[in-house]
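Written below as structure tokens is the structure these notes are about.
The values are calculated or read from the model by the stated rules, or taken from the named source; none is laboratory data. The shown structure was predicted, so the numbers you read here are calculated from the model rather than taken from an experiment. In this analysis, Cβ positions are derived from the backbone assuming ideal geometry, glycine residues included, and neighbour counts consider all displayed protein chains.
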Amino acid sequence: MTEETPGFDENEKPEGTSDAAESDDAAQGAGSADKAGPAPAGPSGHEELVEVGLQAQLDQAQAALNERTGDLQRLQAEYQNYRRRVERDRATVKEIAVANLLSELLPVLDDIGRARDHGELVGGFKSVAESLETIAAKMGLQQFGKEGEPFDPLVHEALMHSYAPDVTETTCVQILQPGYRIGERTIRPARVAVAEPQPGAQPKAEDDAPDEESGGPDKG
């Protein structure tokens, strides 16, 4: 008889096989967990410091921008004031230059006026005189001074003085030389003869008034 050698059953696994497999599975799971890394967490202290630093830089840049903007606005205002001052000075210088030029022409204009009063402004001389007067008027020269207007010491120069019974205030009764102005600037006052009311004279309105104290004219 032959003896059967004791062996392994086909349905049975060697001892220790399942334990080794479970160990391998556990190791693989641990490796996968290591590869996945730690779970995400909230902002760290370093990130907060970086954010605070960026905000500080932003505030500093904004302050610098506001300062530069203020400097630019002040510079622009100063430039506008300078430009207005230059334009005003330029206009004043131009007006003074024109006034000086026309002041030199006033004796010529006086001669033209006297020639016109005497009937001597004729022919070619008349055309030249009228052209000169037209040019002077275009440059802003204005003549003033008329007989019968009240005397104004700001624009009149009294060369003759008299009394008259038919005036109620100091009046220009004769224009000896006309005055001239450019705009509001008087370049020569009008030279006039003035008359004042007669001393002791009463206004006509008072002379013509009926005598109320006497009860009026006697009716008889």
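A few remarks follow.
- Check on residue 123, surrounded by fewer than 10 Cβ atoms within 10 Å (Cβ to Cβ) and under 30 Å from residue 179 (Cα atoms): yes
- Within region 116-130, residues that are at pLDDT 90 or above sit with their Cβ atoms under 7 Å from residues that are in a loop (DSSP other than H, G, I, E, B), at 6+ positions apart or across chains, in these pairs: 129/121.
- Flag if residue 113 is modelled with pLDDT under 95, touching a Gly at 6+ places or on another chain (Cβ under 9 Å) and closer than 24 Å to residue 186 by Cα: no
- The number of residues in region 87-116 being closer than 16 Å to residue 178 by Cα and acidic (Asp, Glu) comes to 3.
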